[in-house]
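Trainee: Right, I'll just put the structure down here and ask away after.
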Amino acid sequence: MTWYKDAVFYEVYIRAFCDGNGDGHGDFQGLTSKLGYLQELGVNCLWLLPMYDSPLVDDGYDVRDFLKIHQDYGTVEDFKEMVQETHRRGLRVIADLVMNHTSDQHAWSQEARSSKNSPKRDYYLWSRTNRKLKDARIIFVDFQESNWEFDPLTGEYYFHRFYPQQPDLNYDNPAVQQAMLRVMKHWLDMGIDGFRADAVPYLFKREGTNCENLPETHAYLKRVRRFLDENYRGKVLLAEANQWPEEVREYFGAGDEFHMCLHFPLMPRIFLALKREDRRPIVDILNRTPPIPESCQWATFLRCHDELTLEMVTEEDRQFLWDAYAPDHQMRLNLGIRRRLSPLLNNDRRRIELAYSLLLTLPGSPIIYYGDEIGMGDNITLKDRGGLRTPMQWSNEENAGFSVAHPSAMYSPVNDDEVLSYKRINARSQLEDPSSLFHTVRKMILARKTHRAFGRGSCQFLEPQNTAVLAYLRRYESDNILVVHNLSSSRQSVSLESTEFPACLPVDMLSGDAFAPVSRGPYALDLDPYQYLWLTLKPLSQPSP
Ligand code: GLC
């Protein structure tokens, strides 16, 4: 039932993944044909970005019809086949659920705008002025000046947290609450394993508040969970709540709200720790993170389909991260950085591996963003977040092996810059090369899967004097793992207090190498630049295999 605690997730932008019918857009047939690749990588559950009918102002996060598949992605049969095939291979699949808003082309919105007396008017939030709810943050700060948009048809303003083409739903309306449950039912009945729920902090709005994390929102989300539990067992709900740890904690409730929440504050601190060569940003934020109920799990990530958001850091750290990782202003977007993992880390294999090692050993279930397992690049000349969503690089053939369409029909150009061109960086060549990033990540995932301590165990940070070293113990039942990271570009010596793990034989689970046994007293290690160690601590009495 709590499978998600041991799972590795993989985020798929369907349009970008694989084009099965040659029209230049990725689709379900294409995705189905690549499930073997994902199985080989070793991930357990796919997270699909919105697959619904949409005019694509916000890449599908502007839903025109929640019950229809976007025509570019294929038919409902293609979708069902993808779900079946995913399950046949022992994988699972969850879908994005866009709860907060619809497209302005959704039938509800069209009806609501047709007249002030429309029965659907109250599905959205209307006002004669644009001065209400003024404490609600603007999220797309590079594009919006207000959360209100004037509707000339009826002479009133409507509220939108994101683009004006994404009017917010009015959750005070019981019909809206009910409608979203129907949407869930529709897709759950087709066999999917749950949802990643988009932008959940903003559902309810109240004057005089910032309209985030309101009690009414939590009450409704608990109802969503009850609906799931009563009708569909073993499914998962993952929250996108870009908030501070104390606030995100509330989305787990007492184990009766979300099973999982993305850990937004941790993510930028991984990049902070890497740049400062100092473990404290990571340790401090995890120490500040309240405990969560037994059945719950954090979802951790390095990159995703959005800008690397810096909303959950101080202004000073934000400026530092911008200067360090987005020196060119074109790399910045809203309060974040629109770059992929590999270019962020200067395409330095050692640092990329170190980042994956952190992702795969810290508490939580990791999510890998498509293409990052092969170190794909980005394209900052494309607008908004388009540069992070370019076609998956399958091979060095035309269109990166993603599509047989004429290049002019492609939904986006493929990456063909000097350093990270698909001609150099592609899945085929990495599959063939045992020393590739793909195979390193695959081996890490495999090692992680043989130790439940990673998904379920406690995490105790050690406190060696050398702050360039991040070391922690992950423990679950009889499993004891010591993870050590050298965050710096130079060799480091570290002395670990071994009272926590007396008398054992550390064995590196990635290389199989046995280390000097730990007896009493501090345990000394010399670490290469960016070195990481995943050490199983075997009792000394037990002969090592
Ligand atoms: C979420 C999505 C983002 C989208 C926004 C509005 O933050 O991750 O891509 O633009 O919601 O739906």
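The values are calculated or read from the model by the stated rules, or taken from the named source; none is laboratory data. Computed from a prediction, not measured in an experiment: that's the story for all the values here. Cβ coordinates were reconstructed from backbone atoms using ideal geometry, including for glycine residues, and neighbour counts include every protein chain displayed. SASA here: full protein model, heavy atoms, side chains in, ligands and nucleic acids out. Shrake-Rupley method; radii C 1.70, N 1.55, O 1.52, S 1.80 Å.
Trainee: Any chance you could run the full-extension gain for D172 through R520? It's 0.36 nm times the residue separation minus the Cα-Cα distance, nm to one decimal. Walk me through the numbers before you get to the answer.
Mentor: On the way: separation 348, 0.36 × 348 = 125.28 nm, distance 6.24 nm.
Taking D172 through R520 to full extension adds about 119.0 nm, to one decimal.
Trainee: Might you tell me the accessible area per residue for segment 250-312, computed with a 1.4 Å probe and given in Å²?
Mentor: With the other protein chains kept in place, segment 250-312 gives 28 Å² per residue.
Trainee: Moving on. For segment 1-92, which whole percent of the accessible surface, found with a 1.4 angstrom probe, sits on carbon and sulfur atoms?
Mentor: The computed percentage sits at 43.
Trainee: Leaving out same-chain residues fewer than 8 places away, which lysines sit with a Cα under 18 Å from that of K235?
Mentor: Qualifying lysines at Cα under 18 Å: K5, K80, K185, K222.
Trainee: Based on the Cβ-Cβ distance of H406 and D6, what FRET efficiency does E = 1/(1 + (r/R0)^6) give at R0 = 35 Å, to the nearest 0.05? Display every interim value, and only then the final one.
Mentor: Numbers: r = 44 Å, r/R0 = 1.25.
Approximately 0.20, to the nearest 0.05.
Trainee: Pulled fully out, how much extra length does the chain show between R182 and A219, if you take 0.36 nm times their separation in residues and subtract their Cα-Cα distance? Don't skip to the answer; put the middle values down first.
Mentor: Numbers: separation 37, 0.36 × 37 = 13.32 nm, distance 1.78 nm.
Result for the pair: 11.5 nm of gain on full extension.
Trainee: Within segment 180-218, whose backbone N sits under 11 Å from a point 7 Å along Cα→Cβ of R233?
Mentor: Answer for segment 180-218: none.
Trainee: Given a 1.4 Å probe, how much area per residue of segment 1-95 is accessible, in Å²?
Mentor: Accessible area per residue, segment 1-95: 32 Å².
Trainee: In addition: Over segment 1-71, what is the mean sequence separation of C-alpha contacts under 8 Å (at least six apart), divided by residue count, expressed as relative contact order in percent?
Mentor: Working: 102 pairs, mean separation 18.4, N = 71.
This gives 26 percent for segment 1-71.
Trainee: Could you check how many percent of all C-alpha pairs in segment 86-129 are farther apart than 18 Å?
Mentor: Value for segment 86-129: 47 percent of Cα pairs lie more than 18 Å apart.
Trainee: So, in Å, what gap is there between the alpha-carbon centers of segment 384-416 and segment 233-276?
Mentor: 32 Å
Trainee: Say R0 is 51 Å: what FRET efficiency, to the nearest 0.05, do S511 and R288 get from their beta-carbon distance?
Mentor: Numbers: r = 34 Å, r/R0 = 0.66.
Here the calculated transfer efficiency is 0.90.
Trainee: In nm, what is the difference between 0.36 nm times the number of residues separating E477 and E397 and their Cα-Cα distance?
Mentor: Gain in length upon complete extension: 23.9 nm.
Trainee: Now a separate question. Which FRET efficiency value, to the nearest 0.05, do you get for T209 and H87 by plugging their Cβ-Cβ distance into 1/(1 + (r/R0)^6) with R0 = 35 Å?
Mentor: Once the sixth-power term is evaluated, E becomes 0.25.
Trainee: I've got another one for you. Placing +1 on the Cβ of each Lys and Arg and -1 on the Cβ of each Asp and Glu in the chain, which of Y422, H106, G208 has its Cα farthest towards the positive end of the resulting dipole?
Mentor: The listed residue farthest towards the positive side: G208.
Trainee: Need the list of lysines near K116 for cross-linking: C-alpha distance under 21 angstrom, and skip anything on the same chain fewer than eight residues off.
Mentor: The reachable lysines, counting only those whose Cα sits under 21 Å from K116, are K132, K205.
Trainee: Now, a different point. What number comes out for accessible area per residue over segment 443-545 if the probe is 1.4 Å? Units Å², please.
Mentor: I get 48 Å² per residue for segment 443-545.
Trainee: Roll a 1.4 angstrom probe over the protein heavy atoms and tell me the percent of accessible area of segment 203-301 that is carbon or sulfur.
Mentor: C and S atoms contribute 47 percent here.
Trainee: Taking the Cα centre of segment 308-438 as origin, sum charge times position over the Cβ atoms of Lys and Arg (+1) and Asp and Glu (-1), and report the length of that vector in debye to the nearest 20. Mind showing how you got there, number by number?
Mentor: Numbers: 14 positive and 19 negative charges, 30 e Å.
In debye, rounded to 20, segment 308-438 gives about 140.
Trainee: Which value, in nm² and rounded to one decimal, describes the direction-averaged projected area of the C-alpha convex hull of the chain?
Mentor: Orientation-averaged projected area of the Cα hull: 25.0 nm².
Trainee: Each label point is 7 Å from the Cα along the Cα-to-Cβ direction; what then is the distance between the points at E500 and S33, in nm?
Mentor: 4.9 nm
Trainee: Right, another one. Would you grab the residues whose amide H sits under 5 Å from the one on H101? Only those 5+ places off in sequence or on another chain, please, with H modelled 1.01 Å from N.
Mentor: The list, which skips near neighbours in sequence, is L169.
Trainee: Considering only DSSP states other than H, G, I, E and B, which GluC sites (Glu not before Pro) in segment 477-519 qualify as loop sites with at most 10 other Cβ atoms within 10 Å?
Mentor: For GluC sites (Glu not before Pro) across segment 477-519 that sit outside H, G, I, E and B with at most 10 neighbouring Cβ atoms in 10 Å, the list reads E477.
Trainee: With equal scatterers on the alpha carbons only and no solvent term, can you work out the Debye log10 of I(q)/I(0) for segment 108-152 at 0.19, 0.29 1/Å?
Mentor: -0.69, -1.05
Trainee: Let me ask another. Note down the magnitude of the dipole of the chain about its Cα centre, charges +1 on Lys and Arg C-beta and -1 on Asp and Glu C-beta and zero elsewhere, to the nearest 20 debye.
Mentor: For the chain, the charge dipole is close to 980 debye.
Trainee: For segment 56-93 and segment 311-357, what is the separation of their C-alpha centers, rounded to whole Å?
Mentor: What the calculation gives is 31 Å, centre to centre.
Trainee: Still on this model: Would you grab the residues whose amide H sits under 5 Å from the one on C211? Only those 5+ places off in sequence or on another chain, please, with H modelled 1.01 Å from N.
Mentor: Placed amide hydrogens put R206 under 5 Å from C211.
Trainee: How many angstrom lie between the Cα centre of segment 135-172 and the Cα centre of segment 458-498?
Mentor: Using only Cα atoms, the two centres lie 47 Å from each other.
Trainee: Continuing with the same structure: Sum up the charges of everything whose Cβ sits under 12 Å from the Cβ of E497, counting Lys and Arg as +1 and Asp and Glu as -1, but leave E497 out.
Mentor: Neighbour charge sum, excluding E497 itself: -1.
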